[in-house]
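Single-structure report; data block below.
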């Protein structure tokens, strides 16, 4: 993925965002309903996913690794993962 976009040439940020939303998020959240439910202690899994999202936001924006987490996520146009998982939970049919 890093070969597709670097600071000199490569994919523009909106293509990186689309690639992340269509390829990475479905793979990362596959099986979320097994560990993400009401009153579950899933902080370890959420922390790993948030680390993944922070790395992706740095890749999308081309920012330095010392950039603030919230700023790069908002610039990349990514919603917080707990909100995304709760949206998936509401839309899923058991």
Choose one answer from 38, 56, 76: the residue with the largest mean-square fluctuation in a GNM of the chain with alpha-carbon springs under 10 Å. 38
Could you identify which residue out of 57, 74, 43 has the top mean-square fluctuation in a GNM of the chain using Cα springs shorter than 10 Å? 43
Calculate the FRET efficiency for residue 89 and residue 9 from the Cβ-Cβ distance with a Förster distance of 30 Å, rounded to the nearest 0.05. 0.15
Run the helix sum for the chain: -39,500 (n - 2.57) per DSSP H stretch of 4+ residues, divided by residue count, reported at 222 nm to the nearest 500 deg cm²/dmol. -15000 deg cm²/dmol
Quote to one decimal, in nm, the extra length available between residue 24 and residue 55 on full extension: 0.36 nm per residue of separation minus the C-alpha distance between them. 10.0 nm
Over the alpha-carbon set of the chain, work out the extent along each principal axis and list the three values in angstrom, largest first. 45, 25, 18
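Values quoted throughout were computed directly from the atomic coordinates according to the rules given, and no laboratory measurement underlies them. Source: prediction; values computed, not measured. Heads up, the Cβs are rebuilt from the backbone with ideal geometry, glycines too, and the neighbour counts pull from every protein chain shown.
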